[in-house]
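The values are calculated or read from the model by the stated rules, or taken from the named source; none is laboratory data. Not measured: the values here are computed from a predicted model. Methodologically, a virtual Cβ is constructed for each residue, glycine included, from the backbone with ideal geometry; neighbour enumeration extends over all protein chains shown. Note: accessible area is taken over every heavy atom of the protein model, side chains too, but ligands, DNA and RNA are not part of it. Shrake-Rupley method; radii C 1.70, N 1.55, O 1.52, S 1.80 Å.
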Amino acid sequence: MIRRRTLLAGLGAGFALGPLSRARAAGTPVTIRMGSLKLIHSIAPSFYERFTPAGVTVEVVPFESPTECKNAVVTKSVDFGTFGIAAATLGAAAGEPLVVIASTCNRGMAVIAKKGSEIHAIKDLRGKRVAIWPGSTQEVFVLERMRMEGLSVKDITPVRVSFSEMHIALARGDVDAYVGAEPGPGVSLASGIGQLVEYPYGTEMGALNMVFGAHRDTLAERPDLVRTMLEIHRKATDFAAGDRDAMIAMAVAKLGQKREALELSAPNVELTWRLGPNEVRQADAYAQHMLALKQIKRLPEPGFIDTRFVDALGRA
């Protein structure tokens, strides 16, 4: 389903002669539109500005859902985007011209129950109302963890709730637990509303979560743009991952959450740009699970994950 490809001969030389380089040499401003989710997982784009080269501007376009951001990449409304591996796999399996070219974030998810409840483990979800966002990365992870514990979706009452509303739904008593994305779990824990059931990373999918995608045409026609964008992404990601205080401060400013909640969320967020053999294997396992769950009708075509650009970054 997914193959690891090596760097094309001459990519580095082609970069110097590409349209982006020519535009910058001519003094023509270049604007890159970057889709980003309103989550701490996707905080790296907020640091892009300090690592953007002269003559280039990155316009960060916020999206509420992974599917919306993925669709913007597919329709070329944005040049690049960050979204969950679920949205990426759904699109590619449907034949959309989407390619995953880097990582954005691992981890960042949690199963949270009401504080003081009897739910302390995945097996305790039996018979409970559980908030799950359909088609999300979190859904595949929790269904696999439930399967490992002898449960299926028929053993719970799944409730469709968006990630931003899960904490509120738990506080109101609309659900008994939720499978959320940070900073929601951090908010629930910091406020005393929730208790941690599990970080659901004990499957063959590991902690794979958010990826960095582009339209297939962009890779073929504008490799210099791809290389420039990923160099910015690498620098911003490494900076944010290495300075937790800066990451939290930016998340407070961009997400409007309280610092104490984000301090609990941050350790559960692994910002990364790397896309190596381990991530490729996990993505393959993820797609196989989606196929088994009948969330997709077929596996994505070979080339859905293209590592040649991050391979080049890793060798630089």
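Those residues that are open to solvent by 70 Å² or more (accessible area, probe 1.4 Å), over 30 Å from D311 (Cβ atoms) and either part of a helix (DSSP H, G or I) or touching a helix residue (DSSP H, G or I) at 6+ places or on another chain (Cβ under 6 Å) (or both), I need them from the stretch 241-272; list them, please.
D245, A253, K254, R259, E260, E263, L264 - these are the residues of the stretch 241-272 that are open to solvent by 70 Å² or more (accessible area, probe 1.4 Å), over 30 Å from D311 (Cβ atoms) and either part of a helix (DSSP H, G or I) or touching a helix residue (DSSP H, G or I) at 6+ places or on another chain (Cβ under 6 Å) (or both).
Does M34 qualify as being modelled with pLDDT of 90 or more and either surrounded by 13 or more Cβ atoms within 10 Å (Cβ to Cβ) or of a type in the set (A, V, I, L, M) (or both)?
yes
Given the structure, is V130 under 26 Å from S42 (Cβ atoms), open to solvent by less than 10 Å² (accessible area, probe 1.4 Å) and in contact (Cβ under 8 Å) with a residue 12 or more places away in the chain?
Considered against the rule, which asks whether it is under 26 Å from S42 (Cβ atoms), open to solvent by less than 10 Å² (accessible area, probe 1.4 Å) and in contact (Cβ under 8 Å) with a residue 12 or more places away in the chain, V130 comes out as yes.
Can you tell me how many residues within the stretch 285-316 are farther than 29 Å from L143 by Cβ, over 21 Å from the mean Cα position of the chain (by Cα) and among the basic types (K, R)?
1
Please give the number of the condition V159 fails out of (1) open to solvent by 30 Å² or more (accessible area, probe 1.4 Å); (2) touching a helix residue (DSSP H, G or I) at 6+ places or on another chain (Cβ under 7 Å); (3) in contact (Cβ under 8 Å) with a residue 24 or more places away in the chain.
For V159, the exception is condition (2).
Identify all residues within the stretch 217-238 that are in a helix (DSSP H, G or I) and open to solvent by 60 Å² or more (accessible area, probe 1.4 Å); write none if there are none.
A220, E221, R227, K235, D238 - these are the residues of the stretch 217-238 that are in a helix (DSSP H, G or I) and open to solvent by 60 Å² or more (accessible area, probe 1.4 Å).
Does the stretch 61-96 hold any residues that are surrounded by fewer than 19 Cβ atoms within 10 Å (Cβ to Cβ), of a type outside the set (D, E, K, R) and under 13 Å from I32 (Cα atoms), and which are they?
Residues satisfying the conditions are V61, S77.
Can you name the condition, by its number, that A190 falls short on among (1) in a loop (DSSP other than H, G, I, E, B); (2) open to solvent by 10 Å² or more (accessible area, probe 1.4 Å)?
If we test A190 against (1) in a loop (DSSP other than H, G, I, E, B); (2) open to solvent by 10 Å² or more (accessible area, probe 1.4 Å), just (1) comes out false.
Just give me the residues in the stretch 58-68 being more than 13 Å from V78 (Cβ to Cβ) and either at pLDDT 95 or above or among the acidic types (D, E) (or both), in sequence order.
E64
Out of the residues in the stretch 135-151 that are in a loop (DSSP other than H, G, I, E, B) and more than 19 Å from the chain's Cα centre (by Cα), state the one that is surrounded by the most Cβ atoms within 10 Å (Cβ to Cβ).
L151
How many residues does the stretch 273-306 hold that are buried (at least 20 other Cβ atoms within 10 Å of the Cβ) and within 21 Å of P45 (Cβ to Cβ)?
Going through the stretch 273-306 one residue at a time, the tally reaches 5.
Quick one: is I132 more than 11 Å from the chain's Cα centre (by Cα) and of a type in the set (V, I, T)?
Considered against the rule, which asks whether it is more than 11 Å from the chain's Cα centre (by Cα) and of a type in the set (V, I, T), I132 comes out as yes.
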